[in-house]
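**Q** Let me begin by handing over the structure; questions about it come next.
The values are calculated or read from the model by the stated rules, or taken from the named source; none is laboratory data. Predicted model only: the values in this text are computed from it and were never measured. Cβ placement follows ideal geometry from the backbone for every residue including glycine, while neighbour counts extend to all protein chains displayed.
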Amino acid sequence: MSPNRSEHAASLNAGANPAILRTVDLGVSFGGHRAVHAVSSSFNGGALTAIVGPNGAGKTTYFNLISGQIAASHGEVWLGAENVTALSAAQRAKRGLGRAFQLTNLFPRLTVFENIRLVAQSMQAGRHCHGLNFWSIWSDASDLIERATDILKSVSMANQLGEPVATLSHGDQRKLEVAMLIAMDPKVYMFDEPTAGMSADEVPVVLNLIRDLKDLSHKTILLVEHKMDVVRDLADRIIVLHNGELVADGKPADVIESKIVQEAYLGANAGSRRGAM
């Protein structure tokens, strides 16, 4: 690492109240291509950070590195005071990294309610290490049943408890995936284009859920989103990736209007196309 990066990495790990999530010189290469290069950033509780950039900028790859879907070529991921770089995606999830995917990641043959209950039970078993038998204990877990039902109500799916997931519309599957993420009760919520493929009337439901999560001051939210109106509405902070590198980081109004973002996001004709952002 260069001296500047070393100093930055040290600052990310220092202090009585370390960030909930940090990446230090994080990167990955595929063959000779650097998809993400030496990205250092920290994320605190009570804030929603939008990760934006042009197509191919490395946004989803950066998400995959954080959540463990891709192994890093270099650098580190820290969750609180723990270095989780060597942990699998499942191990990171149990420690509090919750990820909703751009494409749905559900159990299609199970019902809506069964999807939620499996997530809630697995997280309880993983955190408390009681070796719970998921199916046999469910009838006694009234608190988990109530929580699962409340979560489905919050995503307007209370009337679809018994429906097989395979029969749901794409929009309803996206809402269910958000509900499953909420059931995990993670320290960090990671949303990769949560409104992708949704109809206009379905989008507000998911955005309101994310907005409600922002009110939980101890939670950290990361959002990859192409729709800049959504970013403006939800983000407390924007970081911009371009060609795999972090090129801007700050308050939404400042970042969106910065020259480097205009050029990276809109190209040479940025001046005449600002309204698109």
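**Q** If we scan region 225-237, do we find a residue that is in a strand (DSSP E or B), hydrophobic (A, V, I, L, M, F, W, C) and either touching a residue at least 12 places away in the same chain (Cβ under 8 Å) or closer than 18 Å to LEU21 by Cβ (or both)? So that I can check it myself, show each step before the final result.
**A** Taking region 225-237 as the starting set, the residues that turn out to be in a strand (DSSP E or B) are 237.
Right, trim to hydrophobic (A, V, I, L, M, F, W, C) and you get none.
Checked region 225-237: no residue is in a strand (DSSP E or B), hydrophobic (A, V, I, L, M, F, W, C) and either touching a residue at least 12 places away in the same chain (Cβ under 8 Å) or closer than 18 Å to LEU21 by Cβ (or both).
**Q** Restricting to region 77-103, and then to whatever is assigned to a strand (DSSP E or B) and not aliphatic (A, V, I, L, M), can you tell me which residue is surrounded by the fewest Cβ atoms within 10 Å (Cβ to Cβ)? Quick ask: steps written out before the conclusion?
**A** So in region 77-103, the residues assigned to a strand (DSSP E or B) come out as 77-79, 82-83, 97-100.
Next, only the ones that are not aliphatic (A, V, I, L, M) stay: 78, 82-83, 98-99.
On the way: TRP78: 20, GLU82: 12, ASN83: 14, GLY98: 23, ARG99: 24.
Top of the filtered list is GLU82.
**Q** Which count do you get for residues in region 194-203 that are under 14 Å from VAL178 (Cβ atoms) and part of a loop (DSSP other than H, G, I, E, B)?
**A** 6
**Q** Turning to a different aspect of this structure: Using the structure shown, decide if ALA183 is of a type outside the set (S, T, N, Q), within 17 Å of the chain's Cα centre (by Cα) and outside any helix (DSSP H, G or I).
**A** So ALA183 does not fit the description; no.
**Q** Would you confirm, using the coordinates I've provided, whether VAL206 is of a type outside the set (Lys, Arg), in a helix (DSSP H, G or I), at pLDDT 85 or above and buried (at least 17 other Cβ atoms within 10 Å of the Cβ)? Steps first, answer last, please.
**A** Working: of a type outside the set (Lys, Arg): yes; in a helix (DSSP H, G or I): yes; at pLDDT 85 or above: no; buried (at least 17 other Cβ atoms within 10 Å of the Cβ): yes.
Here the answer is no, as VAL206 does not meet what is asked.
**Q** Within region 38-88, can you find the residues that are aliphatic (A, V, I, L, M) and more than 15 Å from VAL188 (Cβ to Cβ)?
**A** Matches in region 38-88: ALA38, VAL39, VAL52, ALA57, ILE70, ALA71, ALA72, ALA86.
**Q** Can you tell me how many residues within region 150-167 are part of a helix (DSSP H, G or I) and surrounded by 15 or more Cβ atoms within 10 Å (Cβ to Cβ)? Don't jump to the end; show me each part of the working.
**A** Our first condition is that a residue be part of a helix (DSSP H, G or I); within region 150-167, this holds for 150-154, 158-160, 165-167.
From the residues that got through so far, the ones that are surrounded by 15 or more Cβ atoms within 10 Å (Cβ to Cβ) too are 151-152, 154, 160, 165.
The total comes to 5.
**Q** Of (1) in contact with a Gly (Cβ under 7 Å, 6 or more places away or on another chain); (2) at pLDDT below 85; (3) among the hydrophobic types (A, V, I, L, M, F, W, C); (4) part of a helix (DSSP H, G or I), VAL119 satisfies all except one. Which?
**A** Exception for VAL119: condition (1).
**Q** Further question: At least 1 residues that are at pLDDT below 95 and farther than 21 Å from LEU234 by Cα in each: list the strands (runs of 3 or more DSSP E) lying fully within region 1-76 that qualify.
**A** The qualifying strands (runs of 3 or more DSSP E) are 21-30, 33-43.
**Q** Using beta carbons and a limit of 7 Å, which pairs, at least six apart or on different chains, have the first residue in region 39-55 and in contact (Cβ under 8 Å) with a residue 40 or more places away in the chain and at negative phi and the second one among the polar types (S, T, N, Q) and outside any strand (DSSP E or B)?
**A** From residues that are in contact (Cβ under 8 Å) with a residue 40 or more places away in the chain and at negative phi, the pairs are GLY45/SER217.
**Q** Go through region 196-233 and give me each residue that's more than 22 Å from ILE151 (Cα to Cα) and of a type in the set (Val, Ile, Thr).
**A** VAL224, VAL230, VAL231
**Q** Then there is this: Let me confirm something: among ASP215, ASP201, ASP233, ASP172, which residue is more than 15 Å from the chain's Cα centre (by Cα), surrounded by fewer than 18 Cβ atoms within 10 Å (Cβ to Cβ), within 16 Å of VAL155 (Cβ to Cβ) and of a type in the set (D, E, K, R)?
**A** Values: ASP215 fails: within 16 Å of VAL155 (Cβ to Cβ); ASP233 fails: within 16 Å of VAL155 (Cβ to Cβ); ASP172 fails: surrounded by fewer than 18 Cβ atoms within 10 Å (Cβ to Cβ).
The conditions single out ASP201.
**Q** Here's another thing I want to ask about it. If ILE260 passes every condition in (1) crowded, with 18+ Cβ neighbours inside 10 Å; (2) among the β-branched types (Val, Ile, Thr); (3) modelled with pLDDT under 80 but one, which one does it miss?
**A** (1)
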